[in-house]
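Below you'll find the structure, written out as structure tokens, and then a few comments.
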Amino acid sequence: MSNPANIDRILSDGVAELEKADDAEKIGEVKIHYLGRKGLLSAALKGLKDLSIDERKAFGAAANNAKSELAAKIEGMLSALKPSTKADLDYTLPGQTNRLGRLHPLTRGIKEITEIFRRMGFAVATGPEIETDYYNFGALNFPEDHPARDMQDTFYLSETNGLPPGLLLRTHTSNVQIREFERRKPPLKIIAPGKVYRHEAVSSRAYCVFHQVEGFQVGENISMADMKGALVGFCHEYFSPEIELRFRPSFFPFTEPSAEVDVSCIICDGKGCSVCKYDGWLEILGCGMIDPNVMTAVGYDPEKYTGYAFGMGVERIVMLKRRITDIRLFYENDIRFTRKY
Ligand code: DAH
């Protein structure tokens, strides 16, 4: 074993192994295996004492040579792996930036809407998302057999978790009307932003959770003209002063008369495009004069007080203003979306 040919073999094996080693840990293993105290070279040198003087010289020289060659190669590889020093930095490369966080487009939309109504004198209220049938439907004059009360449309909470029976996820923010009417006396002028839930098939236009802003004013001699003034003022401020509004007769159990409001399509200026389905108009909210039955349910005298109410879908109007074509984008948490809008 102890002849220079063996050493040459150890050296060539060592070089071959180093060539395969691609990180500091593997290079270190090769180093220990070949150059360590119990490594291959040390083991080979143990046979030295059995050799003649001449043989020892040749073998020793070969061993020293192999050792320094492997050590140099290992050293070179390790220093190539070290991070570059400052002198190697390219100062002309672009720097690393820390991106700033943004408000979610819905948070921003709700803030903008709320701010506009606050300037018109509306106070801001919120209400519970887990609600009873009474506040979500009953007090709002929904008949017992109204389809919205169906399991198909409303999420009911299961009683199996020890919850009291009859709880549901509110399907609209109109519950806040009843809750605020019970706490206050007229005159009042309130908006209520918040989340609502509906058992709907998810699509580019509908989602199982979304946001609404409810608004209502009650007092003496409050008329439909007050309602129109507030809504036209809002739309001019939120969309553009050029936008036109159209009040269309409609029906809601809690208002009489009821209307839906369309705005002239902001994408095509009312000329007709795919967003407004070539109609030139886009529906953005429901509204009406508060039904006397609702007034009576909360103990307001409908002979003395009148009021209006409205409710708008936040996703809907943010989508129109920012030209977002799919409601699901709001809920996917893709940072590229938040950054863009
Ligand atoms: N709650 C209705 C809905 O979710 C929207 C609505 C319509 C609210 C008319 C109102 C209103 O306050 O007066 O579809």
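Of the strands (runs of 3 or more DSSP E) entirely within the stretch 152-253, those holding at least 1 residues that are within 13 Å of the ligand (Cβ to nearest atom), open to solvent by 30 Å² or more (accessible area, probe 1.4 Å) and of a type in the set (S, T, Y) occupy 188-197, 245-252. Figure legend. Inter-residue proximity from the stretch 187-215: first residues closer than 21 Å to F122 by Cβ and aliphatic (A, V, I, L, M), second residues more than 14 Å from the ligand (Cβ to nearest atom) and assigned to a strand (DSSP E or B), beta-carbon distance below 7 Å, spacing 6+ or different chains. Indicated pairs: I190/A123; I191/V124.
Of all the criteria given as (1) more than 19 Å from V298 (Cβ to Cβ); (2) over 32 Å from the mean Cα position of the chain (by Cα); (3) open to solvent by less than 60 Å² (accessible area, probe 1.4 Å), the one not satisfied by N141 is (1). Within the stretch 278-315, count every residue that is more than 18 Å from F117 (Cα to Cα) and within 16 Å of the ligand (Cβ to nearest atom). Residues in the stretch 278-315 being more than 18 Å from F117 (Cα to Cα) and within 16 Å of the ligand (Cβ to nearest atom): 15 in total. Looking at the stretch 1-117, none of the helices (runs of 4 or more DSSP H) lying wholly inside it contains 2 or more residues that are under 30 Å from S240 (Cβ atoms).
The values are calculated or read from the model by the stated rules, or taken from the named source; none is laboratory data. Quick caveat, the model's predicted, so the values are computed rather than measured. In this analysis, Cβ positions are derived from the backbone assuming ideal geometry, glycine residues included, and neighbour counts consider all displayed protein chains. When the accessible area is computed, the model is the full protein with side chains, heavy atoms only, and any ligands, DNA or RNA have been set aside. Shrake-Rupley method; radii C 1.70, N 1.55, O 1.52, S 1.80 Å.
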